[in-house]
Amino acid sequence: MSKPVIWIPRRLSDATIARARRDYDVILTEDDTPGTPDEIVAMSSRVDAMIPCHSERFSAEVVARLDPRLRIVANHSVGVDHCDLDALKSAGIMVTNTPDVLSDATAELAMLLMLGAARHAVSADRLVRQGEWDSWSPSFMVGKQVTGGRVGIVGMGRVGRAFAEKARGFGMEIHYHNRSQLSSEVEQGAIFHRDLDDLLEVSDFLTLHCPATSDTIDLLDATRIAKLPEGAVVVNTARGALVDEDALLAAIRSGHIAAAGLDCFKREPGGNPAFARHENIFMLPHIGSATVSTRDAMGFRALDNLDAFFAGQEPGDRLV
């Protein structure tokens, strides 16, 4: 019996590619460039399944043009804001994602960004790297101490809880806002704020870990940024759409926000060139899940979902 045909538009981990080729007929885009809408549509008549990344966008317009042969989109990501889920459901195409496996990797990167932003990582690295470090004084490069600080976590899902676990190691006082309060066993002493504005008012450090939806676009706008304490540090490893970048820049310029650590931006790839003029903005190119073990786990999770689907079973990570 012939194997199902799958399209992998981006270069996934070697272990993932090897397993995929063992079990499926694989069409791999060797140049590792994002699949365009026309490529997605054209490929839909050649394959039974796709393993796209966040770079492949399944808008309603794209979905309306897909060939009926395509039966499942097994995302190599947790976030699925690149997929119009309603359109895919109406087209009878199953959608899965890869939760759980990247929580720790993303949370540790959020901690890196928090520490780097708070302790002048960008300007300090430049100073040493360019041979400009020629003096020292007690007032030199004085930053904001993370240990013992109050951190507000927006979104206490898997990544938010993984971050909270790491923040406890720094003795931080943990506050959080979530759609619903966690059990006391899961909270482990974290303080719940039903109202986001209440959380902001006590967050000397704020880290975003919620999905990008129609309700959360520009969640952190000028009004909400103003509610943060003077000198707060903002971290975003979730989605660029959560932050009003103009409002954040204004708060950085005014000094109301002392620093920011960002792994995601409104425009990706590329980011926001205006941020580059501020050395108190520590930036990374959306690499929250970029560890060998995590990328292997993400690829295997996507393949697990395909294996279940083609075996006539319910994929564990089915969304629609």
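What follows draws every value from the coordinates through simple rules; no lab data is involved. Because the structure is predicted, anything quoted here is derived from the model rather than measured. Neighbour counts are summed over all protein chains in view; Cβ atoms, including those assigned to glycine, are modelled from backbone coordinates with ideal geometry.
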Protection-proxy order for peptides 123-136, 50-63, each taking the mean of Cβ atoms within 10 Å per residue, highest first: 50-63, 123-136
Cα to Cα, under 28 Å, and not fewer than 8 places away if on the same chain: which lysines meet these conditions relative to LYS3? LYS89
Taking 0.36 nm per residue of separation between SER180 and ARG267 and subtracting their Cα-Cα distance, the length gained on full extension comes to 28.2 nm
If the chain between ARG277 and ALA124 were fully stretched, how many nm would it gain, using 0.36 nm times the residue separation less the Cα-Cα distance? 53.6 nm
Relative to the chain, whose Cα atoms define the longest principal axis, helix 292-310 and its Cα axis are tilted in degrees, nearest 10, by 30
As straight-line cross-link partners of LYS166, the qualifying lysines (C-alpha separation under 30 Å, not fewer than 8 residues apart within one chain) are LYS144, LYS227, LYS266
Just want to confirm a number: the relative contact order over the chain, from Cα pairs under 8 angstrom separated by 6+ residues, in percent. 18
Once a ≥ b ≥ c are taken as the square roots of the eigenvalues of the Cα gyration tensor of the range 1-114, is the result rounded (a/c under 1.5), prolate (a/b larger than b/c) or oblate (a/b not larger than b/c)? oblate
Evaluate the distance, in nm, between pseudo-label points positioned 7 Å from the Cα of HIS256 and of ILE217 along their respective Cα→Cβ axes. 2.3
To check my understanding: the extent here is largest minus smallest coordinate of the Cα atoms along each principal axis. What are those three numbers for the range 100-196, in Å, largest first? 53, 29, 22
What is the distance in Å between the Cα centroid of the range 28-87 and that of the range 172-223? 32
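Of the listed peptides 282-292, 237-247, 184-194, 13-23, what is their order by residue-averaged count of other C-beta atoms within 10 Å, with the highest listed first?
237-247, 282-292, 13-23, 184-194
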What is the helix-to-structure angle for 103-118, meaning the angle in degrees between its Cα long axis and the longest Cα principal axis of the chain, kept from 0 to 90 and rounded to the nearest 10? 30
